[in-house]
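The values are calculated or read from the model by the stated rules, or taken from the named source; none is laboratory data. A quick note: this is a predicted structure, and the numbers were derived from the prediction, not measured. Quick reminder, even Gly has a Cβ in these numbers, built from the backbone with ideal geometry, and neighbours come from all protein chains shown.
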Amino acid sequence: MDEQSAAARLDELRKSINYHNYQYHVMDAPVISDLEFDRLIIELREIEAQFPHLVTTDSPSVRMGSQPVQKFNKLGHPSPILSLANAFSRDEILAWFDRNEKLDGRMRSTAFVVEPKIDGLTVVLHYHDGLFIQGATRGDGDVGEDITVNLRTIKSIPLRIPVSDASLRPPARLVVRGEAYIPIQDFLELNQRLEEAGERTYLNPRNTAAGSLRQLDPTLTAKRPLTLLVYSIVASDSTMPVTQWDTLQYLKALGFPVSRHASRHSTLLEAMEACEEGILHRDDLPYEADGMVIKIDDLSLADSLGVVGKDPRGAIAYKFPSREVSTRLMDIAVNVGRTGVLTPLAILEPVELGGVVVKQATLHNFDFITEKDIRIGDRVMVKRAGEVIPYIIGPVPAARTGDESVFQPPSICPVCH
Ligand code: IVH
């Protein structure tokens with residue numbers, strides 16, 4: 001194959017693979033079989049191996065991960081990456097509305113957008129002329145860490161926009177914000193694979209996602225089932241949608257993964273009802289969510305309301321009832337897995353947690369007990385999230401009486417001795 005036809009074929013393959021990748025990872029609607037997809041990847045790699053200088057930054061082969069980095073550089077955000085104020089009741093949401101209404105009468109006529117609040121990690125993605133060029137963590141809100149090499153491995157992040165609608169012209173500069181996370185089901189499967197391999201399992205989806213994004217070796221990140229949902233535009237040099245709802249539609253049209261659980265409401269009452277509906281169905285979401293976010297749809301109104309500290313006045317989180325509770329750790333049992341791995345299990349004073357009585361919880365591994373200095377008799381914090389087995393977060397040292405005892409891991413297997 002000569003260079004010219006290699007370049008042309010690579011261009012076709014990149015477009016095709018990126019499109020099928022989008023159908024699979026963003027739309028959840030693959031149009032070709034895995035086998036056909038793999039064939040395209042193999043052909044791409046063969047040509048790239050022959051003509052390495054033809055590898056581009058939007059080549060699907062970058063999803064495999066590149067060379068390890070020594071450390072992450074700092075990357076400034078084009079505008080502050082703000083947080084969110086919390087509310088726990090309708091009264092607190094109504095008070096938020098009243099405060100805003102006193103500042104701006106347009107509050108009375110705006111619509112609201114309600115979205116799940118994903119318990120993940122904020123990421124900021126930069127595109128130049130449609131090409132994904134860099135991405136960062138939130139950091140302190142002004143400066144984050146440049147984790148571009150890791151973000152490139154996340155299959156739902158478009159490497160070039162628009163992904164499929166060729167009639168859309170991408171802005172010369174576009175910076176978007178989203179939440180990276182590991183879906184609950186993928187987390188459970190990952191832990192199961194690790195357990196079967198006799199390796200250490202992860203604590204929860206959020207910690208796993210955080211650790212994976214901060215890996216210095218991107219090939220390891222590539223092996224983690226990270227994904228993301230994008231929900232706002234941080235900066236652009238073009239005219240952008242003027243409402244939150246249109247922003248979500250626009251981001252979706254460009255090929256970004258956008259929540260299917262967002263809804264638009266013409267009154268605050270309806271928006272609050274949608275949040276309460278979200279509470280009832282929190283376990284149906286494929287990811288961990290810790291609330292619903294109510295956002296003012298009119299973005300110029302939201303902007304002009306300004307911020308209080310790090311919280312914009314234009315949005316508020318309606319938090320789900322907590323699924324963390326404290327109880328007493330009565331004992332530590334030891335489970336023997338199919339592969340002979342020993343895992344400590346907390347025996348708890350039974351406690352109600354989100355409608356379920358919890359009597360046992362995982363303690364992950366023996367190092368975890370040592371690292372957190374968890375003692376038998378301690379008051380401990382327990383969390384239950386979605387389908388994840390209840391787990392111990394840590395002890396409450398202030399509640400110690402002196403009667404607690406340090407746990408000694410068994411030196412011989414309790415089953416086969
Ligand atoms: S909007 C100005 N929407 O929750 C915009 N945040 O506890 C403020 N989060 O820092 C954020 N899902 O990382 C927004 N649908 C969503 C979100 C969301 C998760 C995170 C975000 C924020 C944190 C605040």
**The one condition in (1) outside any strand (DSSP E or B); (2) within 30 Å of Q4 (Cβ to Cβ) that S79 fails to fulfil** = (2)
**Request:** Of the numbered conditions (1) of a type outside the set (S, T, Y); (2) surrounded by fewer than 17 Cβ atoms within 10 Å (Cβ to Cβ); (3) more than 16 Å from the ligand (Cβ to nearest atom); (4) free of Cβ contacts under 8 Å to residues at least 60 places away in the same chain, D140 fails exactly one; give the number of that condition.
**Result:** (3)
**Subset of segment 375-417 [closer than 13 Å to L203 by Cβ, part of a loop (DSSP other than H, G, I, E, B) and modelled with pLDDT of 85 or more]** = P390
**Fill in**
Filtering segment 311-368 for residues that are within 27 Å of G198 (Cβ to Cβ), of a type outside the set (V, I, T) and not in a strand (DSSP E or B) leaves a count of 9
**Asked** For segment 187-215, which residues satisfy the criterion of being under 21 Å from L159 (Cβ atoms) and in a helix (DSSP H, G or I)?
**Response** A209, S212, L213
**Prompt:** Identify, please: which residue in segment 44-87 is out of contact with any strand residue (DSSP E or B) (no Cβ under 9 Å at 6 or more places or on another chain) and more than 23 Å from T221 (Cβ to Cβ) and is, among those, surrounded by the most Cβ atoms within 10 Å (Cβ to Cβ)?
**Reply:** I47
**Item:** Residue list for segment 57-98, restricted to those being within 14 Å of the ligand (Cβ to nearest atom) and aliphatic (A, V, I, L, M)
**Value:** I81, L82, L84, A85, A87
**Item:** Sole exception among (1) surrounded by fewer than 21 Cβ atoms within 10 Å (Cβ to Cβ); (2) modelled with pLDDT of 95 or more; (3) within 17 Å of the chain's Cα centre (by Cα) for L226, by number
**Value:** (1)
**Only one of R99, R90 that is over 30 Å from I147 (Cβ atoms) and loosely packed, with under 15 Cβ neighbours inside 10 Å** = R99
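In this structure, is L220 over 22 Å from I393 (Cβ atoms) and part of a strand (DSSP E or B)? Break it down into steps so the answer makes sense when it comes.
Details: over 22 Å from I393 (Cβ atoms): yes; part of a strand (DSSP E or B): no.
So L220 does not fit the description; no.
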